[in-house]
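Note sheet for the following structure.
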Amino acid sequence: MPPVTKRARENTSTDLKERRQSEAMSSQLMGMINARFDEQASLLTTNMREAEERILKVLLVRLDDMAGEVKLLGERVRQLESEVNELKSVKHRVSILEAKVSAQVNANYACDLRMHGLPHVEGEDLRTLYNTLCVALNLTPPPRIREIFRARRNGQSVIDPVCRLV
């Protein structure tokens, strides 16, 4: 091993001092960096919580508005269902009344009249003959008849009332 010179001792000592100083500075620097990192992480966490709270408040307000609208729509649907049921009931009653009116109208025209034993005369109008007969029997106005027919002779009864003259 070669002898250590004074200069080599000084350089070694200086290198050691610089290394120690550099290690001390790097640990101080690392401490400062870690402190700054922790500070920034804390600030970021705080900012994120504040942003989450603001977003949550906005969402809750919108959700409450939507819940109110859904409630109003539900009430409107129930009201409309009630109205539909009422309209169905009215429609049913109207159809019953229409059937009664139709039956009443048809009751006025529902019968045919067959005349037996009347000789056929050329150009004769059976409706005019019927009206004349009703006036002679004091049935005014004459009952409504849908059709008047001349019946053929078949040896049965002379009168075949399909409808009654009231």
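The values are calculated or read from the model by the stated rules, or taken from the named source; none is laboratory data. If you're wondering where the values come from, they're calculated on a predicted model, not measured in any experiment. Using ideal geometry, Cβ is built from the backbone for each residue, glycine included, and neighbour counts are taken over all protein chains shown. The protein model used for the area step is the full one, side chains on, heavy atoms only, and it has no ligands, DNA or RNA in it. Shrake-Rupley method; radii C 1.70, N 1.55, O 1.52, S 1.80 Å.
Things to note:
- Criterion violated by VAL77 - all others in (1) open to solvent by 100 Å² or more (accessible area, probe 1.4 Å); (2) modelled with pLDDT of 95 or more satisfied: (1)
- Residues in region 117-138 that are open to solvent by less than 60 Å² (accessible area, probe 1.4 Å) and over 16 Å from ARG150 (Cα atoms): CYS134 only.
- Unique match (being modelled with pLDDT of 95 or more and not aliphatic (A, V, I, L, M)) among SER22, SER27, SER89, SER13: SER89
- Whichever residue in region 145-166 is outside any strand (DSSP E or B) and modelled with pLDDT of 75 or more and, among such residues, is surrounded by the most Cβ atoms within 10 Å (Cβ to Cβ): ILE145
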